[in-house]
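Peer 1: Pasting a structure here, questions to come.
The values are calculated or read from the model by the stated rules, or taken from the named source; none is laboratory data. These numbers were taken from a predicted model, which means no experiment stands behind them. Note that we place each Cβ from the backbone using ideal geometry, even for glycine, and neighbour counts take in every protein chain shown.
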Amino acid sequence: MKSRKFLVATCLIAGLFAAVIAGNAGNVSAFDIKGINPADALKPQGTEAAKPNDTKPDASSPKTSKEEKSYTNNTRKFTFTIPAGWEISSGTPDSDNMVFRKTGTTQHFAFQYTQLASDFPAEASVKASLKTAMEDIKHGKNIAAKRRDDVKKVNGKNVLYARGWELIDAGKNGPQRIIWQCYDRENFYFNFMASAQSNEFDEAKPTLQKIIDSIKFLE
């Protein structure tokens, strides 16, 4: 019973990510995870995740980066790389949420994380959520789903830094997204999402995938 309670909690967390970023991509820091009651969640986590709005920012923004740049979150020890032509929409690299956007497009990258209970069954959650994501391919909700872990060789041994699953949704009701959801070694839940409106997604996909692939947890 305890395992189910913690499993369904992540669904509520992901749903809150979606509601906040969809309605307020420029003010994601307004998200407050406090007060979540796991009993309010109804099902394991599936494809629900952050959805930025589709407003195209000004292509002449002075905040736009002129070159590729890598960022490190020193709080939870992970890094990622953002291409040239993107800007920070909200948050900072060390905060628990951050949003980037490519100027003049509907392309976004966002991350959000929160701590779960120390006895949260992360591996069971990953397996259940990946199963749901795979089933959603049959229903036309996703176009791809796979297991994705971050494993590093330390002193000759494989060490698991993060366990999770990655999917590409079909973008039927909004932006089309590449999502990596995972848990680190201290049971922090992470949601990394790169997206674009469906009419831009095919062209943007290589860039969005490159951003998602660049995410690495540090030793």
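Peer 1: Tally up the residues in the range 168-183 that are at pLDDT below 95 and either assigned to a strand (DSSP E or B) or polar (S, T, N, Q) (or both), please.
Peer 2: The number of residues fulfilling the criteria is 1.
Peer 1: Within the range 90-102, restricting attention to residues that are polar (S, T, N, Q) and under 17 Å from residue 76 (Cβ atoms), which residue is surrounded by the most Cβ atoms within 10 Å (Cβ to Cβ)?
Peer 2: 97
Peer 1: Identify all residues within the range 70-90 that are hydrophobic (A, V, I, L, M, F, W, C), over 12 Å from residue 109 (Cβ atoms) and in a strand (DSSP E or B); write none if there are none.
Peer 2: The one that is hydrophobic (A, V, I, L, M, F, W, C), over 12 Å from residue 109 (Cβ atoms) and in a strand (DSSP E or B): 78.
Peer 1: Assess whether residue 33 counts as being modelled with pLDDT under 95 and either under 15 Å from the mean Cα position of the chain (by Cα) or not in a strand (DSSP E or B) (or both).
Peer 2: On the way: modelled with pLDDT under 95: yes; either under 15 Å from the mean Cα position of the chain (by Cα) or not in a strand (DSSP E or B) (or both): yes.
The answer is yes for residue 33.
Condition check ((1) within 19 Å of residue 109 (Cα to Cα); (2) surrounded by 19 or more Cβ atoms within 10 Å (Cβ to Cβ); (3) not aromatic (Phe, Trp, Tyr)) across all residues:
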residue	(1), (2), (3)
129	no, yes, yes
148	yes, yes, yes
156	no, no, yes
201	yes, yes, no
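Peer 1: From 114, 105, grab the single residue that is crowded, with 18+ Cβ neighbours inside 10 Å, under 20 Å from residue 197 (Cα atoms) and not aliphatic (A, V, I, L, M). Steps first, please.
Peer 2: Values: 114 fails: under 20 Å from residue 197 (Cα atoms).
Exactly one of 114, 105 is crowded, with 18+ Cβ neighbours inside 10 Å, under 20 Å from residue 197 (Cα atoms) and not aliphatic (A, V, I, L, M), namely 105.
Residue by residue, here is whether (1) part of a strand (DSSP E or B); (2) hydrophobic (A, V, I, L, M, F, W, C); (3) in contact (Cβ under 8 Å) with a residue 24 or more places away in the chain holds:
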residue	(1), (2), (3)
101	yes, no, yes
104	no, no, yes
117	no, yes, yes
131	no, no, no
161	yes, no, yes
166	yes, no, yes
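Peer 1: Of the residues that make up the range 184-203, is at least one part of a loop (DSSP other than H, G, I, E, B), among the polar types (S, T, N, Q) and under 17 Å from residue 78 (Cα atoms)?
Peer 2: yes
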